[in-house]
Amino acid sequence: FTTMSGRSVDLYIYTDHGNAARCHHAMTSLKKSMLWDEEAYGREYDLDIFNIVAVNDFNAGAMENKSLNIFNSKLVLADPETATDTDYLLIEAIIAHEYFHNWSGNRVTCRDWFQLSLKEGFTVYRELQFSGEMNDRDVKRIEDVELLRNRQFPEDAGPLAHPIRPDSFIEINNFYTPTVYEKGAEVIGMLHTLMGDAAYRAGCDLYFSRHDGQAVTCDDFLACMQACTDIDLEQFSLWYSQAGTPTVTAQHRYDIAQKKLVLSLTQQTAPTPGQSEKPPLHIPVKIGLIAKSDGRDLLSPATQVLHLREQQQDFVFENISEDALPSFLRGFSAPVKLVTDLTDDDLFWLMAHDSDGFNRWDAGQTALQRLLLRNTASGEYGYLPDSAKNVFQNLLEEHGGDTHLRAMALTLPSENYLGQLMPMIDVDGIHAARRGLMQVIGETFYQKWQEIYRALTPLAGTIYQPNPQQIGARALRNLALRYIQAAKPADAALLASEQYHDARNMTDRIGALKVLADLDTPQSTQALSGFYDFAKNDPLLLDKWFAVQALADHPDNVGRVASLTQHPDFTLKNPNRLRSLLGNFAHGNPVHFHRADGQGYRLLADAVIAVNRLNPQAAARIVAPLGQWRRYDAQRQALMEAELRRILAEKDISNDLYEIISKSLG
């Protein structure tokens with residue numbers, strides 16, 4: 001690689017013999033990240049050599065040692081036959097993340113562990129910017145927010161809640177949390193929004209030049225930002241010390257006589273352990289106004305930033321010529337929970353007309369969340385209102401545009417996230433409601449799903465490229481197969497079997513295998529057996545085989561997972577293998593993990609006790625789902641609490657595990 005000043009840097013990747021051919025994507029990603037950091041942040045690499053080493057047994061994703069980055073092999077090795085689209089994108093992102101640490105973490109580093117988000121939150125934000133520019137920006141933002149909502153929001157709402165700059169710890173390994181990383185990145189993103197591009201870049205330049213070669217604090221970073229903006233950041237700094245996810249409630253009213261639209265915003269953050277009182281935060285709320293008549297943006301510029309600083313504030317927009325719907329929190333401009341006065345019809349209308357890609361998706365998801373929660377409460381699991389039917393019809397008949405964004409808009413909210421929206425999580429009701437809605441959407445538009453699936457099938461035979469166009473087409477085709485499965489499982493089994501055997505890339509093969517893993521058919525048995533034969537000599541492929549079965553909606557999924565823990569290729573000693581089976585089962589398959597008889601809990605607790613003796617860090621990370629025990633019904637609470645206390649009673653419990661469980665039990 002030739003740097004912007006003309007220096008030559010030798011780049012090396014080391015991996016097990018036989019894997020060199022699977023390192024090309026990682027090498028390309030490294031070069032792209034080096035160039036991007038020069039162009040976006042003015043950061044030139046400072047040595048003559050850069051090394052990446054890929055290892056199979058590694059607790060973390062990667063580690064940014066200066067010029068000697070250590071990587072989990074799953075985040076380096078890729079080719080179309082063995083890696084999915086998700087793998088390709090993740091490798092690109094994490095290669096960039098670790099490279100960016102050369103400046104935000106190595107050249108300028110942390111004074112102490114409490115400042116961990118200084119390097120991790122900042123570097124995650126830089127990584128998200130990079131990935132958004134390299135790929136589909138709206139899709140990337142949706143994926144980032146889904147990760148935040150599914151992993152960090154529960155942490156903020158539970159017994160392990162902590163600020164992005166924590167004030168105490170028992171075991172430092174437990175600091176590597178979604179709050180420190182993902183919420184930390186959102187805080188940097190809010191700073192960028194408040195300051196604007198030029199001032200943000202000036203603040204970063206000042207930070208790197210002033211503190212090059214030093215170990216510093218989050219306050220040092222904020223001081224550099226303050227020096228480059230007229231906005232007072234004192235109140236904003238509370239984001240570093242205050243835990244919890246704020247809820248922003250938004251209402252709007254339009255005065256036709258005065259041609260004035262008023263937005264009323266309130267903020268409230270619930271108490272968290274050790275923090276009962278929560279002063280108001282400085283929250284940037286990006287806003288747009290969409291004309292009800294034809295979907296035009298009525299503001300100029302179309303997106304504006306409101307500074308919510310008080311518990312309640314009104315914002316007045318003058319000279320608004322017609323009634324409009326607000327597009328709140330565009331691009332998810334702050335890590336908050338949003339409650340609005342928009343009706344379901346308003347949301348579906350915004351889903352069709354909003355000029356902000358993220359908000360189009362989020363409006364539809366919010367309407368679908370409301371529908372699914374109502375269906376859960378009423379037991380009418382297959383109800384689909386006309387407004388929703390019209391939106392689905394339009395999306396299915398849309399030609400051109402962003403195929404991946406369409407696929408995401410047509411995907412129902414996850415069971416995990418729906419559970420977060422309930423005071424007490426109704427595991428079985430949510431599952432039945434989501435499955436019922438999938439079925440009615442599959443049946444109502446069955447012919448259209450078939451047409452989409454057939455229309456996108458020729459792409460499966462083309463030369464694989466992990467670009468936005470192909471990734472989007474594969475995502476929509478595999479989603480169509482899922483809806484066909486929901487409507488007519490026998491038809492889906494035949495299509496999935498054909499797709500599995502004809503697949504020329506791992507994304508299509510795994511997409512088919514996921515459908516087959518849910519079903520008890522000859523095709524399912526054949527495909528799972530065939531994939532194992534294909535994968536048995538490749539650790540990363542074996543991880544995929546275990547993961548597909550851990551996530552399957554199979555009637556006896558708990559029994560299947562228990563059986564797989566006895567498989568000759570399963571081991572508790574390898575972190576990837578542990579996560580692929582038990583991590584996916586506990587984190588990603590709520591209806592089976594939370595089976596009413598508690599067998600899922602016992603299975604996980606047995607593994608946690610065994611892993612604690614081998615790898616305390618890994619044990620602490622997979623136990624987290626049990627820590628949410630207070631969110632469930634009395635029977636499940638009792639079963640989960642009993643397993644936590646059984647683990648805690650172990651005489652050689654590690655500090656890693658003790659800290660997580662003792663805080664969970666309170």
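The residues of region 187-301 expose, per residue, 42 Å² of accessible area to a 1.4 Å probe. Using a probe of 1.4 Å, the accessible surface attributed to Lys488 totals some 100 Å² when neighbouring protein chains are kept in position. Computed over region 211-260, the P(r) curve from all C-alpha pair distances, binned at 10 Å from the origin, holds 17, 29, 23, 18, 9, 4, 0 percent per bin.
Distance distribution note for region 458-526: the fraction of Cα pairs above 20 angstrom is 24%. Pairs of Cα atoms under 8 Å, at least six residues apart: use those to get the relative contact order of region 373-516, whole percent. It rounds to 26 percent for region 373-516.
What translational D, rounded to a whole number of µm²/s, comes out for region 282-338 from Stokes-Einstein when the hydrodynamic radius is the Kirkwood one over Cα pairs, at 4 °C and 1.567 mPa s? Result for D is 107 µm²/s. Pairs spanning more than 24 Å between alpha-carbon atoms, out of Lys31/Lys66; Lys260/Lys292; Lys140/Lys573; Lys536/Lys573: Lys140/Lys573. Computed over region 563-607, the P(r) curve from all C-alpha pair distances, binned at 5 Å from the origin, holds 5, 22, 32, 26, 11, 4 percent per bin. Dividing the radius of gyration of the alpha carbons in region 341-488 by their Kirkwood radius gives 0.98 for Rg/Rh.
The slack in the chain from Ser355 to Asp341, taken as 0.36 nm per residue of separation less the alpha-carbon distance, amounts to 3.0 nm. Our note on the geometry: Cα centres of region 405-474 and region 64-126, 30 Å apart. The share of C-alpha pairs in region 114-157 whose separation exceeds 17 Å stands at 43 percent. Compactness of region 242-337, taken as the C-alpha radius of gyration over 2.2 N^0.38 Å, stands at 1.20.
Histogrammed with a bin width of 10 Å, the alpha carbon distances of region 176-255 distribute as 15, 43, 30, 9, 3, 1 percent, first bin at zero. Rolling a 1.4 Å probe across the protein heavy atoms gives region 567-666 an accessible surface of 40 Å² per residue. Based on Cα atoms of the chain, Rg over Rh with Rh as the Kirkwood radius reads 0.94. Using R0 = 41 Å, the C-beta based FRET efficiency linking Arg370 and Ser8 works out to 0.10. In the chain, the DSSP-assigned H stretches of four residues or longer account for a calculated mean residue ellipticity at 222 nm of -15500 deg cm²/dmol, using -39500 (n - 2.57) per stretch and the full residue count as denominator. For Thr444, neighbours were defined as the other residues whose beta-carbon sits under 12 Å from its Cβ, and their charges (Lys and Arg +1, Asp and Glu -1) total 0.
Extension gain for Asn106 to Ala20 (0.36 nm times residue separation, less C-alpha to C-alpha distance): 28.2 nm.
If R0 is 51 Å, the Cβ-Cβ spacing of Lys260 and Asn65 corresponds to a FRET efficiency of close to 0.30. Once the Kirkwood radius over Cα pairs is known for region 77-207, the Stokes-Einstein relation at 25 °C and 0.890 mPa s delivers a diffusion coefficient of 155 µm²/s.
Computing FRET efficiency as 1/(1 + (r/R0)^6) for Glu443 and Gln251, where r is the C-beta to C-beta distance and R0 is 41 Å, gives about 0.65. A cut-off under 15 angstrom between Cβ atoms defines the neighbours of Tyr45, and their net charge, with Lys, Arg +1 and Asp, Glu -1, is -3.
Kirkwood's formula applied to the C-alpha pairs of region 529-666 gives a hydrodynamic radius of 15.2 angstrom.
Dipole magnitude for region 98-186: about 260 debye, using +1 per Lys or Arg Cβ and -1 per Asp or Glu Cβ, origin at the Cα centre.
Of Thr366, Tyr200, Phe58, which is farthest along the charge dipole of the chain in the positive direction, counting Lys and Arg as +1 and Asp and Glu as -1 at C-beta? Checking the options against the dipole of the chain, the answer is Phe58.
Average the reciprocal distances over every distinct pair of alpha-carbons in region 329-380, invert the result, and give the Kirkwood radius in Å. Taking every pair of different Cα atoms in region 329-380, averaging 1/r and inverting gives 11.6 Å.
Do me a favour and compute the ellipsoid semi-axes for region 517-565 from its Cα gyration tensor, root of five times each eigenvalue, largest one first, whole Å.
18, 14, 8
The length gained by stretching the chain between Ser241 and Gln465 to full extension, at 0.36 nm per residue less their Cα-Cα distance, is 76.3 nm. With only the Cα atoms considered, region 143-287 has a convex hull volume of 153 Å³ per residue. Relative contact order of the chain, please, whole-number percent, based on alpha carbon pairs below 8 angstrom and at least 6 residues apart. Over the chain, the number comes to 10 percent.
Magnitude of the charge dipole for the chain, about its Cα centre and with charges confined to Cβ atoms of Lys, Arg (+1) and Asp, Glu (-1), is about 900 debye. With every protein chain left in place, what is the accessible area per residue of region 381-530 in square angstrom, probe 1.4 Å? I get 42 Å² per residue for this part.
Summary value for region 238-355: 33 percent relative contact order, contacts being C-alpha pairs under 8 angstrom separated by 6+ residues.
The Cβ shell under 12 Å around Met408 holds other residues with a net charge of -2, Lys and Arg each +1, Asp and Glu each -1.
Calculated on the Cα set of region 151-210, radius of gyration then Dmax: 14.4, 41 Å. Computed in the context of the full set of protein chains, the accessible area of the chain at 1.4 Å probe radius has 51% of its extent on carbon or sulfur. In the calculated pair-distance distribution of region 1-109, the portion above 25 angstrom amounts to 16 percent of the Cα-Cα pairs. Hydrodynamic analysis of region 470-604 uses the Kirkwood radius over alpha carbon pairs. Inserted into Stokes-Einstein at 10 °C and 1.306 mPa s, it gives a translational diffusion coefficient of 104 µm²/s. For the chain, DSSP calls about 65 percent of its internal beta bridges antiparallel. The spacing between region 281-343 and region 144-196, judged by their C-alpha centroids, is 25 Å.
The values are calculated or read from the model by the stated rules, or taken from the named source; none is laboratory data. Because the structure is a prediction, the values reported are computed rather than measured. Cβ sites come from the backbone with ideal geometry, for glycine too, and all protein chains shown count toward neighbours. These area figures cover heavy atoms from the full protein model, side chains too; ligands, DNA and RNA do not enter into them. Shrake-Rupley method; radii C 1.70, N 1.55, O 1.52, S 1.80 Å.
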